[in-house]
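What follows is one structure encoded as structure tokens, with my remarks underneath.
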Amino acid sequence: MMKYLWILLVAISCGRATQAQEYKTITNDELVGLLSNEDLQLIDVRTPEEVAVGVIEGAKHIDIYDPEFVSKIDQLDKSRPVAVYCAAGGRSAKASDQFKKLGFMQVYDLSGGYRGWVAAGKETVKLK
């Protein structure tokens, strides 16, 4: 009986460890380092009006308020790392949770978002 109880406890612990996987919050400097990785998928989840002001170079815009948001991010490559940002960090945290639920293995959320990036003097570009 103890043997089966031990196996059950190990199975439950392993299941919880898998579910507990979370995204990692990163700094501006950490994102700069990640941007050198050609596999990185940089996703801007702000609204079209916010994106019109500028984006971090290389970003793909997928509006978190778009009714098709989940299906659009589900089409991205789950084996490649994803870095997500919004204006200040709230929406990107929600988006990062969605990425993890969909099975993305490496998800990074930019702390401070676009505003923090700009405040740190980092470069931005207009989305084409």
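The values are calculated or read from the model by the stated rules, or taken from the named source; none is laboratory data. Everything quoted here is computed from the prediction, not taken from an experiment. Don't worry about glycine lacking a Cβ; one is built from the backbone with ideal geometry, like all the others, and counts go over all protein chains shown. Heads up: the accessible areas ignore ligands, DNA and RNA and are worked out on the full protein's heavy atoms, side chains in. Shrake-Rupley method; radii C 1.70, N 1.55, O 1.52, S 1.80 Å.
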Counting only residues 5 or more places away or on other chains, whose amide H sits under 5 Å from the amide H of His61 once H atoms are built in the peptide plane? Asp44
Which lysines have a Cα lying under 17 Å from the Cα of Lys126, excluding residues fewer than 8 positions away in the same chain? Lys60
Could you tell me which GluC sites (Glu not before Pro) in segment 32-128 are loop residues by DSSP with no more than 15 other beta carbons within 10 angstrom of their beta carbon? Glu38, Glu57, Glu68, Glu123
Across 5 Å bins from the origin, how do the percents of Cα pairs in segment 26-128 run, short distances first? 2, 14, 27, 27, 20, 8, 1
With 22 Å as the limit, write out which pairs from Lys24/Lys128; Lys94/Lys128; Lys72/Lys122; Lys24/Lys94 have Cα-Cα distances beyond it, or answer none. Lys24/Lys128; Lys94/Lys128; Lys72/Lys122
Residue-count net charge about Val84 - beta-carbon cut-off 12 Å; Lys, Arg +1, Asp, Glu -1: +3
Between Val84 and residues 5 or more places away or on another chain, the pairs with built amide H atoms under 5 Å apart involve Ile43, Tyr108, Asp109, Leu110
Find the accessible area per residue for segment 48-122; the probe is 1.4 Å, ligands and nucleic acids are left out, and the unit is Å². 49
I need the peptides 113-119, 41-47 ranked by packing, meaning the mean over residues of other C-beta atoms within 10 angstrom, with the highest value on top. 41-47, 113-119
With x for Gly and Pro, the residue-by-residue ³J(HN,Hα) of segment 62-71, computed from phi through the Karplus equation 6.51 cos²θ - 1.76 cosθ + 1.60 at θ = phi - 60° and given in whole Hz, is 9, 4, 5, 8, 5, x, 9, 3, 4, 5
